[in-house]
Amino acid sequence: MRKILFTAIAAIVALCADAQNSTPAAELLARMERIQWRGVMMGHQDDPMYGTTWKYEAGRSDVKDVCGDYPAMMGFDLGKIEYGSERNLDGVPFSLMRDEIRAQHERGGIVTLSWHPGNPATGGNSWDAKGRAVGKLLPGASLASVCDEWLGRVADFIGSLKDKDGRRIPVIFRPWHEMNGAWFWWGCDSCTPEEYRRLYIHTHDFLTARGLDNIVWAYSPNLSNGTPTEESYLFYYPGDRYVDLLGTDVYQQSADNAAYRADVRKELKVVTAVGRSRGKLTALTETGHRGVPYERWFTECLLPVITEFPISYVLLWRNAWDNPEENFCAAPDKAVAPDFVKFHDHPSTLFIKDVAGLK
Ligand code: BMA
(Lines give C-alpha, C1' and ligand atoms only; values in the text may rest on other atoms or scores of the structure.)
Protein backbone atom coordinates (compact mmCIF):
# COMPACT_ATOMS: atom_id res chain seq x y z
CA MET A 1 0.00 0.00 0.00
CA ARG A 2 2.76 2.40 1.06
CA LYS A 3 4.67 1.56 -2.10
CA ILE A 4 1.65 2.31 -4.28
CA LEU A 5 1.13 5.61 -2.47
CA PHE A 6 4.76 6.63 -2.97
CA THR A 7 4.65 5.66 -6.62
CA ALA A 8 1.48 7.69 -7.10
CA ILE A 9 2.97 10.72 -5.35
CA ALA A 10 6.16 10.44 -7.41
CA ALA A 11 4.10 10.28 -10.60
CA ILE A 12 2.12 13.38 -9.60
CA VAL A 13 5.31 15.29 -8.71
CA ALA A 14 6.84 14.34 -12.07
CA LEU A 15 3.67 15.41 -13.89
CA CYS A 16 3.66 18.77 -12.10
CA ALA A 17 7.34 19.28 -12.92
CA ASP A 18 6.60 18.43 -16.55
CA ALA A 19 3.69 20.85 -16.68
CA GLN A 20 5.83 23.60 -15.17
CA ASN A 21 8.79 22.94 -17.43
CA SER A 22 6.87 22.32 -20.57
CA THR A 23 8.19 25.31 -22.52
CA PRO A 24 11.75 25.68 -23.79
CA ALA A 25 12.04 28.90 -21.74
CA ALA A 26 10.91 27.23 -18.51
CA GLU A 27 13.28 24.33 -19.14
CA LEU A 28 16.20 26.70 -19.66
CA LEU A 29 15.38 28.58 -16.47
CA ALA A 30 15.20 25.35 -14.48
CA ARG A 31 18.46 24.18 -16.02
CA MET A 32 20.21 27.46 -15.21
CA GLU A 33 19.05 27.17 -11.62
CA ARG A 34 20.61 23.72 -11.40
CA ILE A 35 23.84 24.84 -13.08
CA GLN A 36 24.17 27.79 -10.72
CA TRP A 37 24.93 25.40 -7.87
CA ARG A 38 28.06 24.31 -9.76
CA GLY A 39 29.55 27.72 -10.52
CA VAL A 40 29.41 30.76 -12.78
CA MET A 41 29.03 30.22 -16.52
CA MET A 42 31.49 32.13 -18.68
CA GLY A 43 30.04 33.93 -21.69
CA HIS A 44 31.43 35.87 -24.65
CA GLN A 45 29.68 38.15 -27.11
CA ASP A 46 29.98 37.10 -30.79
CA ASP A 47 32.41 34.36 -29.75
CA PRO A 48 32.16 32.10 -32.86
CA MET A 49 31.82 34.98 -35.34
CA TYR A 50 35.18 36.71 -35.18
CA GLY A 51 38.19 37.33 -32.97
CA THR A 52 40.94 39.90 -32.79
CA THR A 53 42.73 38.45 -35.84
CA TRP A 54 40.07 36.52 -37.82
CA LYS A 55 36.44 36.51 -38.88
CA TYR A 56 33.85 33.94 -39.93
CA GLU A 57 35.95 30.76 -39.71
CA ALA A 58 33.71 27.79 -38.95
CA GLY A 59 34.33 26.26 -35.54
CA ARG A 60 36.76 28.97 -34.45
CA SER A 61 36.58 30.90 -31.19
CA ASP A 62 39.18 33.07 -29.40
CA VAL A 63 38.12 31.47 -26.12
CA LYS A 64 38.58 27.95 -27.51
CA ASP A 65 41.91 28.92 -29.13
CA VAL A 66 43.17 30.02 -25.71
CA CYS A 67 41.82 27.33 -23.38
CA GLY A 68 40.51 24.50 -25.58
CA ASP A 69 36.92 24.99 -24.46
CA TYR A 70 34.02 27.04 -25.83
CA PRO A 71 32.26 29.48 -23.51
CA ALA A 72 29.17 28.08 -21.79
CA MET A 73 27.26 31.18 -22.90
CA MET A 74 27.39 33.06 -26.16
CA GLY A 75 25.88 36.48 -26.79
CA PHE A 76 24.65 37.84 -30.12
CA ASP A 77 23.11 41.19 -31.08
CA LEU A 78 19.99 41.76 -33.17
CA GLY A 79 20.74 45.40 -34.06
CA LYS A 80 19.48 46.19 -37.61
CA ILE A 81 17.11 43.23 -37.72
CA GLU A 82 14.41 45.86 -37.29
CA TYR A 83 15.16 47.15 -40.83
CA GLY A 84 14.94 43.68 -42.33
CA SER A 85 18.72 43.85 -42.88
CA GLU A 86 20.61 40.64 -43.68
CA ARG A 87 23.49 41.61 -41.38
CA ASN A 88 23.52 43.09 -37.91
CA LEU A 89 25.09 46.40 -36.92
CA ASP A 90 28.54 44.77 -36.64
CA GLY A 91 28.25 43.04 -40.02
CA VAL A 92 27.26 39.59 -38.70
CA PRO A 93 24.84 37.83 -41.10
CA PHE A 94 21.64 36.83 -39.31
CA SER A 95 21.65 33.50 -41.13
CA LEU A 96 25.08 32.72 -39.65
CA MET A 97 23.84 33.89 -36.25
CA ARG A 98 20.98 31.41 -36.48
CA ASP A 99 23.43 28.59 -37.41
CA GLU A 100 25.77 29.47 -34.54
CA ILE A 101 22.90 29.63 -32.06
CA ARG A 102 21.89 26.14 -33.13
CA ALA A 103 25.53 24.93 -32.88
CA GLN A 104 25.88 26.39 -29.39
CA HIS A 105 22.61 24.80 -28.31
CA GLU A 106 23.64 21.44 -29.75
CA ARG A 107 26.95 21.45 -27.90
CA GLY A 108 25.01 22.06 -24.67
CA GLY A 109 25.63 25.78 -24.32
CA ILE A 110 23.31 28.72 -23.77
CA VAL A 111 22.61 31.85 -25.82
CA THR A 112 21.71 35.41 -24.88
CA LEU A 113 20.50 38.07 -27.31
CA SER A 114 20.87 41.83 -26.97
CA TRP A 115 19.43 44.38 -29.38
CA HIS A 116 20.87 47.73 -30.44
CA PRO A 117 18.09 48.99 -32.73
CA GLY A 118 18.19 52.25 -34.67
CA ASN A 119 16.35 55.31 -33.43
CA PRO A 120 12.89 55.19 -35.03
CA ALA A 121 12.24 58.89 -34.35
CA THR A 122 15.42 60.31 -35.94
CA GLY A 123 16.77 57.58 -38.23
CA GLY A 124 20.00 57.61 -36.19
CA ASN A 125 21.50 54.64 -34.39
CA SER A 126 20.98 53.36 -30.82
CA TRP A 127 23.33 56.00 -29.44
CA ASP A 128 21.28 58.87 -30.89
CA ALA A 129 19.35 59.72 -27.74
CA LYS A 130 17.26 62.48 -29.31
CA GLY A 131 13.63 62.41 -30.45
CA ARG A 132 11.75 61.02 -27.41
CA ALA A 133 11.26 57.82 -29.41
CA VAL A 134 10.05 55.57 -26.57
CA GLY A 135 6.86 57.54 -25.95
CA LYS A 136 6.18 57.53 -29.70
CA LEU A 137 6.48 53.75 -30.00
CA LEU A 138 3.84 52.93 -27.39
CA PRO A 139 0.46 51.54 -28.43
CA GLY A 140 -1.71 54.32 -29.89
CA ALA A 141 1.24 56.75 -30.32
CA SER A 142 2.63 58.06 -33.63
CA LEU A 143 5.22 55.30 -34.21
CA ALA A 144 3.22 52.38 -32.80
CA SER A 145 3.03 50.63 -36.15
CA VAL A 146 6.79 50.96 -36.65
CA CYS A 147 7.26 49.45 -33.20
CA ASP A 148 5.16 46.42 -34.08
CA GLU A 149 6.82 46.02 -37.46
CA TRP A 150 10.22 45.98 -35.72
CA LEU A 151 9.06 43.62 -32.98
CA GLY A 152 7.57 41.41 -35.67
CA ARG A 153 11.03 41.02 -37.23
CA VAL A 154 12.53 40.18 -33.85
CA ALA A 155 9.73 37.65 -33.32
CA ASP A 156 10.37 36.06 -36.74
CA PHE A 157 14.03 35.59 -35.90
CA ILE A 158 13.55 34.23 -32.39
CA GLY A 159 10.73 32.01 -33.66
CA SER A 160 13.03 30.63 -36.36
CA LEU A 161 15.54 29.28 -33.82
CA LYS A 162 14.85 25.55 -33.92
CA ASP A 163 16.88 22.47 -33.08
CA LYS A 164 17.25 19.46 -35.39
CA ASP A 165 13.96 18.05 -34.13
CA GLY A 166 12.12 21.27 -34.95
CA ARG A 167 11.83 22.29 -31.30
CA ARG A 168 12.39 25.94 -30.42
CA ILE A 169 15.78 26.78 -28.92
CA PRO A 170 15.48 28.82 -25.71
CA VAL A 171 17.34 32.14 -25.53
CA ILE A 172 17.81 34.83 -22.92
CA PHE A 173 16.52 38.06 -24.48
CA ARG A 174 17.84 41.30 -22.95
CA PRO A 175 16.07 44.16 -24.71
CA TRP A 176 16.29 47.84 -23.73
CA HIS A 177 19.43 47.36 -21.64
CA GLU A 178 21.41 50.03 -19.76
CA MET A 179 18.28 52.22 -19.56
CA ASN A 180 19.56 54.07 -16.51
CA GLY A 181 22.37 55.55 -18.63
CA ALA A 182 21.78 58.46 -21.01
CA TRP A 183 23.51 57.08 -24.14
CA PHE A 184 20.70 55.08 -25.79
CA TRP A 185 17.43 56.47 -27.15
CA TRP A 186 15.61 54.30 -24.57
CA GLY A 187 17.84 55.71 -21.81
CA CYS A 188 17.04 57.84 -18.78
CA ASP A 189 17.24 61.22 -20.59
CA SER A 190 14.97 60.13 -23.44
CA CYS A 191 11.90 58.72 -21.72
CA THR A 192 10.13 58.59 -18.38
CA PRO A 193 10.41 55.43 -16.26
CA GLU A 194 6.71 54.86 -16.95
CA GLU A 195 7.24 55.06 -20.74
CA TYR A 196 10.22 52.72 -20.42
CA ARG A 197 8.25 50.15 -18.47
CA ARG A 198 5.39 50.30 -20.98
CA LEU A 199 7.80 49.70 -23.86
CA TYR A 200 9.34 46.70 -22.09
CA ILE A 201 5.90 45.27 -21.29
CA HIS A 202 4.68 45.85 -24.84
CA THR A 203 7.78 44.06 -26.16
CA HIS A 204 7.11 41.14 -23.81
CA ASP A 205 3.41 40.93 -24.60
CA PHE A 206 3.93 41.27 -28.35
CA LEU A 207 6.44 38.42 -28.54
CA THR A 208 4.38 36.28 -26.18
CA ALA A 209 1.24 36.86 -28.28
CA ARG A 210 3.24 35.65 -31.29
CA GLY A 211 3.44 32.32 -29.49
CA LEU A 212 7.11 32.49 -28.57
CA ASP A 213 7.67 30.21 -25.60
CA ASN A 214 11.45 30.14 -25.86
CA ILE A 215 12.33 33.51 -24.29
CA VAL A 216 13.88 34.01 -20.87
CA TRP A 217 13.48 37.75 -20.18
CA ALA A 218 16.35 39.77 -18.75
CA TYR A 219 16.34 43.22 -17.12
CA SER A 220 19.77 44.78 -17.17
CA PRO A 221 20.55 48.31 -16.03
CA ASN A 222 24.06 49.74 -16.15
CA LEU A 223 26.40 50.42 -13.22
CA SER A 224 24.67 53.02 -11.03
CA ASN A 225 25.93 56.45 -10.18
CA GLY A 226 26.64 56.31 -6.46
CA THR A 227 25.53 53.48 -4.24
CA PRO A 228 22.63 51.47 -5.61
CA THR A 229 19.71 50.41 -3.46
CA GLU A 230 17.05 47.84 -4.21
CA GLU A 231 14.75 50.74 -5.00
CA SER A 232 17.16 52.46 -7.38
CA TYR A 233 17.90 49.13 -9.09
CA LEU A 234 14.18 48.59 -9.68
CA PHE A 235 13.48 52.15 -10.85
CA TYR A 236 12.73 51.02 -14.43
CA TYR A 237 11.66 47.47 -13.56
CA PRO A 238 8.60 46.41 -15.57
CA GLY A 239 7.48 43.87 -12.95
CA ASP A 240 7.94 40.25 -11.90
CA ARG A 241 5.51 38.99 -14.54
CA TYR A 242 7.76 40.24 -17.32
CA VAL A 243 11.25 39.43 -16.09
CA ASP A 244 13.03 36.15 -15.35
CA LEU A 245 16.61 37.23 -14.88
CA LEU A 246 18.12 40.28 -13.21
CA GLY A 247 21.41 41.61 -14.51
CA THR A 248 23.79 44.49 -14.42
CA ASP A 249 26.32 45.79 -16.97
CA VAL A 250 29.57 46.91 -15.35
CA TYR A 251 32.76 47.79 -17.24
CA GLN A 252 36.14 48.70 -15.84
CA GLN A 253 36.51 52.40 -16.58
CA SER A 254 40.14 53.15 -15.63
CA ALA A 255 43.40 51.42 -14.70
CA ASP A 256 42.13 51.17 -11.13
CA ASN A 257 41.48 47.44 -10.62
CA ALA A 258 40.21 47.94 -7.07
CA ALA A 259 37.64 50.46 -8.30
CA TYR A 260 36.34 47.87 -10.80
CA ARG A 261 36.02 45.22 -8.12
CA ALA A 262 34.21 47.73 -5.89
CA ASP A 263 31.83 48.67 -8.73
CA VAL A 264 30.95 45.06 -9.49
CA ARG A 265 30.52 44.26 -5.80
CA LYS A 266 28.20 47.17 -5.10
CA GLU A 267 25.99 46.19 -8.05
CA LEU A 268 25.96 42.44 -7.51
CA LYS A 269 25.19 42.90 -3.83
CA VAL A 270 21.93 44.62 -4.73
CA VAL A 271 21.14 42.50 -7.79
CA THR A 272 21.53 39.22 -5.88
CA ALA A 273 19.52 40.56 -2.90
CA VAL A 274 16.66 41.52 -5.24
CA GLY A 275 17.02 38.16 -7.01
CA ARG A 276 16.75 36.33 -3.72
CA SER A 277 13.65 38.19 -2.57
CA ARG A 278 11.89 37.89 -5.93
CA GLY A 279 13.03 34.39 -6.83
CA LYS A 280 14.89 35.47 -9.98
CA LEU A 281 18.15 34.33 -11.52
CA THR A 282 20.94 36.90 -11.60
CA ALA A 283 23.93 37.60 -13.85
CA LEU A 284 26.71 40.02 -14.70
CA THR A 285 25.11 40.59 -18.09
CA GLU A 286 28.04 42.54 -19.63
CA THR A 287 31.52 43.26 -18.40
CA GLY A 288 35.13 43.74 -19.41
CA HIS A 289 38.03 46.13 -19.51
CA ARG A 290 38.60 47.43 -23.03
CA GLY A 291 41.79 45.90 -24.43
CA VAL A 292 42.36 43.92 -21.18
CA PRO A 293 45.54 45.89 -20.44
CA TYR A 294 46.23 44.15 -17.12
CA GLU A 295 47.84 40.71 -17.56
CA ARG A 296 46.13 39.10 -14.60
CA TRP A 297 42.74 40.73 -15.09
CA PHE A 298 40.74 37.51 -15.21
CA THR A 299 42.08 35.94 -12.01
CA GLU A 300 42.58 39.13 -10.01
CA CYS A 301 39.76 41.43 -11.10
CA LEU A 302 36.92 39.31 -12.44
CA LEU A 303 37.25 35.98 -10.62
CA PRO A 304 37.21 37.30 -7.03
CA VAL A 305 34.03 39.30 -7.56
CA ILE A 306 32.00 36.78 -9.54
CA THR A 307 32.74 33.95 -7.12
CA GLU A 308 31.52 36.02 -4.18
CA PHE A 309 27.94 36.11 -5.41
CA PRO A 310 25.43 33.45 -6.47
CA ILE A 311 25.16 34.57 -10.10
CA SER A 312 24.34 32.40 -13.06
CA TYR A 313 26.75 33.81 -15.62
CA VAL A 314 29.10 36.55 -16.70
CA LEU A 315 29.24 37.82 -20.29
CA LEU A 316 32.46 39.35 -21.61
CA TRP A 317 31.90 41.77 -24.50
CA ARG A 318 33.20 41.18 -28.01
CA ASN A 319 36.68 40.89 -29.54
CA ALA A 320 36.06 43.03 -32.63
CA TRP A 321 38.14 41.98 -35.66
CA ASP A 322 37.88 45.41 -37.31
CA ASN A 323 38.47 47.60 -34.29
CA PRO A 324 41.65 46.75 -32.34
CA GLU A 325 40.52 48.78 -29.34
CA GLU A 326 37.16 47.06 -29.05
CA ASN A 327 38.19 43.81 -27.38
CA PHE A 328 37.32 42.50 -23.93
CA CYS A 329 38.10 38.81 -23.88
CA ALA A 330 41.26 36.74 -24.16
CA ALA A 331 42.83 35.81 -27.50
CA PRO A 332 45.97 33.79 -28.28
CA ASP A 333 47.94 36.91 -29.23
CA LYS A 334 47.10 38.80 -26.06
CA ALA A 335 49.27 39.01 -22.95
CA VAL A 336 46.32 38.01 -20.78
CA ALA A 337 45.99 34.57 -22.45
CA PRO A 338 47.86 32.51 -19.75
CA ASP A 339 45.76 34.18 -17.06
CA PHE A 340 42.60 33.27 -18.93
CA VAL A 341 43.69 29.61 -18.91
CA LYS A 342 43.93 29.82 -15.10
CA PHE A 343 40.50 31.46 -15.02
CA HIS A 344 39.17 28.60 -17.15
CA ASP A 345 40.79 25.96 -14.89
CA HIS A 346 39.31 27.43 -11.71
CA PRO A 347 36.63 25.07 -10.33
CA SER A 348 34.05 27.86 -10.05
CA THR A 349 34.07 28.95 -13.71
CA LEU A 350 31.97 26.89 -16.09
CA PHE A 351 32.71 26.48 -19.78
CA ILE A 352 31.05 24.21 -22.32
CA LYS A 353 32.74 21.03 -21.08
CA ASP A 354 31.41 21.73 -17.59
CA VAL A 355 27.81 22.37 -18.56
CA ALA A 356 27.20 20.12 -21.57
CA GLY A 357 26.35 17.18 -19.31
CA LEU A 358 24.18 19.25 -16.95
CA LYS A 359 20.81 19.03 -18.66
C1 BMA B 1 28.91 48.19 -28.39
C2 BMA B 1 30.20 48.31 -29.15
C3 BMA B 1 29.85 48.61 -30.58
C4 BMA B 1 28.92 47.53 -31.13
C5 BMA B 1 27.71 47.32 -30.21
C6 BMA B 1 26.85 46.14 -30.61
O7 BMA B 1 29.15 48.03 -27.02
O8 BMA B 1 30.92 47.09 -29.08
O9 BMA B 1 31.04 48.64 -31.35
O10 BMA B 1 28.47 47.89 -32.40
O11 BMA B 1 28.16 47.11 -28.90
O12 BMA B 1 27.59 44.96 -30.64
Using just the alpha carbons, could you tell me how many Å³ per residue the convex hull of the stretch 134-197 encloses? 98 Å³
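Show me the chymotrypsin sites (Phe, Trp or Tyr not before Pro) within the stretch 165-207 that DSSP assigns to loop and that have at most 16 other Cβ atoms within 10 Å of their Cβ. Display every interim value, and only then the final one.
Details: sites: Phe173, Trp176, Trp183, Phe184, Trp185, Trp186, Tyr196, Tyr200, Phe206; in loops: Trp176, Trp183, Phe184, Trp185, Trp186.
Here the sparse-neighbourhood loop sites are Trp183.
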Any chance you could tell me what percent of the C-alpha pair distances in the stretch 265-338 go past 13 Å? 68 percent
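Mind listing which GluC sites (Glu not before Pro) in the stretch 38-96 are in a DSSP loop and have 16 or fewer other Cβ atoms within 10 Å?
Values: sites: Glu57, Glu82, Glu86; in loops: Glu57, Glu86.
Qualifying residues, ordered by number: Glu57, Glu86.
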If you roll a 1.4 angstrom probe over the protein chains with everything in place, what fraction of the accessible area of the chain belongs to carbon and sulfur, to the nearest %? 53 percent
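Under 14 Å from the Cβ of Gly59, count the other residues' Cβ atoms, weight Lys and Arg +1, Asp and Glu -1, and hand me the total. Walk me through the numbers on the way to the answer.
Numbers: positive: Lys55, Arg60, Lys64, Arg102, Arg107; negative: Asp47, Glu57, Asp62, Asp65, Asp69, Asp99, Glu100, Glu106.
Net of charged neighbours comes to -3.
Expressed as cubic angstrom per residue, what is the convex hull volume of the alpha carbon set of the chain? Let's see the in-between values first.
On the way: hull volume 52.3 nm³, N = 359.
Spelled out: Cα convex hull of the chain, divided by residues, is 146 Å³.
Measuring with a 1.4 Å probe in the full set of protein chains, what accessible area per residue, in whole Å², belongs to the stretch 33-181? Numbers along the way, then the final one.
Values: 5440 Å² over 149 residues.
I get 37 Å² per residue for this part.
Which order do the peptides 235-243, 103-111 take when ranked by the mean count of other beta-carbon atoms within 10 Å per residue, highest first? Intermediate values should be presented prior to the final figure.
Numbers: 235-243: 16.1, 103-111: 19.0.
Taking the mean over residues of other Cβ atoms within 10 Å, the ranking is 103-111, 235-243.
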In terms of solvent-accessible area of protein heavy atoms at a 1.4 angstrom probe, what is the ranking of Leu302, Leu143, highest value first? Leu143, Leu302
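At 222 nm, what value in deg cm²/dmol follows for the chain if DSSP H runs of at least 4 each add -39500 (n - 2.57) and the sum is divided by all its residues, to the nearest 500? Let's see the in-between values first.
Details: 12 runs with 132 residues, N = 359.
Value at 222 nm, helices only: -11000 deg cm²/dmol.
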Remind me, relative contact order of the chain in percent, using alpha carbon pairs under 8 angstrom and six or more residues apart? 23 percent
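The values are calculated or read from the model by the stated rules, or taken from the named source; none is laboratory data. Treat the numbers as computed from the prediction; the structure is a model and nothing was measured. Here the Cβ is made from the backbone with ideal geometry for all residues, glycine too, and neighbour counts use every protein chain on show. Quick note on the areas: whole protein, heavy atoms, side chains included, nothing else; ligands and nucleic acids left out. Shrake-Rupley method; radii C 1.70, N 1.55, O 1.52, S 1.80 Å.
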